[in-house]
Each structure stands twice: as structure tokens, then as C-alpha cells.
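Novice: One structure, as C-alpha cells, below. Some questions next.
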Amino acid sequence: MKVQVRYFASLREALGPAETVDVAPGTSIAGLRERLRAQSDGHAAALAPGRAVRCALNQRLTGDDALLGDGAEVAFFPPVTGG
């Protein structure tokens, strides 16, 4: 499955605005974060466990246990973002 990953605020500065990622069916947000962290040192630092990062699935705030569907949009952002 392909999912669109978007980054905002400091994560956008570190990783760029967006990327398309292939994931297996049944992958959760947590699984996606793990896969992204394995992609590069920049991803590992920006999405490190314990780092305050919120996420949205298809423009709705969600937790790490939410399951992804083909064509889903996932957004990662810090808890406080500027205007």
C-alpha cells in the first residue's frame, strides 16, 4: 500500500514537506514511524521514541495504534505549531 506522509513545522525543516511510503497492509501509525526511523538518520532523530510528535490520519488527530489504508494521508507535527 502507498501512504502519503506530510511533515509540518520543525519536522518539515528536518525532513522536507512530504513523501510517499510503501507499507504492508495492517500497518499502524506506530509501524509507519518505525519504518520511517529506519530510513535515515534524519528520520531517526526527528521521529525518535519519546520525542513529542503528534499525528493525524486523513486530517483527524489519532493515536499510534490507528491502522493505515491504501492512499491514506498521515501528517506528523510537533504539539505546538506556529501560524
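Novice: Step by step: first the residues of region 32-83, then only those that are farther than 24 Å from Met1 by Cα and among the small types (Gly, Ala, Ser), then the one that is farthest from the chain's Cα centre (by Cα). Which residue is that?
Specialist: Out of the qualifying residues, it is Gly83.
Novice: To continue, here is another question. Within the set of pairs 6+ apart or on separate chains, which have a first residue in region 1-25 that is within 14 Å of Ala75 (Cα to Cα) and free of Cβ contacts under 8 Å to residues at least 40 places away in the same chain, a second that is of a type in the set (S, T, N, Q) and part of a loop (DSSP other than H, G, I, E, B), and C-beta atoms under 9 Å apart?
Specialist: Qualifying pairs under 9 Å: Leu15/Ser40; Glu19/Gln39; Val21/Gln39.
Novice: Please enumerate the residues belonging to region 20-44 that are surrounded by 13 or more Cβ atoms within 10 Å (Cβ to Cβ) and in a loop (DSSP other than H, G, I, E, B).
Specialist: Hits for region 20-44 are Val23, Thr27, Gln39.
Novice: Give the number of residues within region 45-83 that are farther than 21 Å from Pro25 by Cβ, loosely packed, with under 14 Cβ neighbours inside 10 Å and not aliphatic (A, V, I, L, M).
Specialist: Of the residues in region 45-83, 8 are farther than 21 Å from Pro25 by Cβ, loosely packed, with under 14 Cβ neighbours inside 10 Å and not aliphatic (A, V, I, L, M).
Novice: Is it the case that Pro49 is in a loop (DSSP other than H, G, I, E, B) and closer than 18 Å to Phe77 by Cβ?
Specialist: Yes, satisfied.
Every read-out reported here was derived from the displayed coordinates using simple, explicitly stated rules and does not represent laboratory data. Being a predicted model, the structure only gives us computed values, none of them experimental. Glycine gets a Cβ as well: all are built from the backbone with ideal geometry, and neighbour counts include every protein chain shown.
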